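As structure tokens, the structure follows; a few thoughts come after it.
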Amino acid sequence: MDLEVGAIVAGKITGITKFGAFVTIAPGKSGLVHISEITSAYVNDINDHLTVGQEVMVKIVGVDGSGRMNLSMKAAVAALSTAPTAAQAKGPRTEPQHKPPTSAAEPSFEDKLKRFMQDSDSKISSLKKHSDKKGARRRGR
């Protein structure tokens with residue numbers, strides 16, 4: 001099995017964390033699919049998209065100095081959807097080509113905007129609390 005950067009391989013999900021999923025791609029070889037590399041849609045909870053034991057296609061996007069592999073599912077889907085198959089290389093097909101199914105759970109623009117506004121309000125209130133504490137200490141000198 002060719003396990004070089006850029007290779008697209010099949011793997012099995014062995015663990016899920018809040019920041020990504022661990023995928024075994026060969027005996028003794030596994031890597032991490034970061035939450036941002038699962039799909040092009042926003043992923044709030046990984047468990048909505050993946051389950052332990054699920055078979056997935058991943059692309060090896062990097063290997064660090066410790067030999068840990070960084071994997072990407074969305075890069076694998078993009079590469080597989082643009083790569084010509086053997087049948088396509090021989091000539092035009094008469095049957096329609098099927099694209100991989102898109103996530104039905106992709107949030108709408110309004111949902112994304114609502115989430116952004118909530119995050120923004122939370123960050124602003126946190127900054128205000130922090131700056132109020134600083135101002136009170138400075139006035140007390």
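Within segment 1-52, the residues that satisfy the criterion of being without any contact (Cβ under 8 Å) to a residue 24 or more places away in the chain and either in contact with a strand residue (DSSP E or B) (Cβ under 6 Å, 6 or more places away or on another chain) or among the basic types (Lys, Arg) (or both) are Phe22, Thr24, Ile35. Of the helices (runs of 4 or more DSSP H) lying entirely inside segment 59-141, those containing at least 2 residues that are modelled with pLDDT of 85 or more and surrounded by 12 or more Cβ atoms within 10 Å (Cβ to Cβ) span 73-82. Residue count for segment 9-52 satisfying the condition of being farther than 14 Å from Arg68 by Cα, out of contact with any helix residue (DSSP H, G or I) (no Cβ under 8 Å at 6 or more places or on another chain), aliphatic (A, V, I, L, M) and outside any loop (DSSP other than H, G, I, E, B): 3.
Taking Leu3 as the residue in question, decide whether it is closer than 26 Å to Pro107 by Cα, out of contact with any Leu (no Cβ under 6 Å at 6 or more places or on another chain) and surrounded by 12 or more Cβ atoms within 10 Å (Cβ to Cβ). Show your work before the answer.
On the way: closer than 26 Å to Pro107 by Cα: no; out of contact with any Leu (no Cβ under 6 Å at 6 or more places or on another chain): yes; surrounded by 12 or more Cβ atoms within 10 Å (Cβ to Cβ): yes.
So Leu3 fails the test.
The values are calculated or read from the model by the stated rules, or taken from the named source; none is laboratory data. Keep in mind the model is a prediction, meaning the values are calculated, not measured. Glycine also receives a Cβ, built like all others from the backbone with ideal geometry; neighbour counts cover every protein chain displayed.
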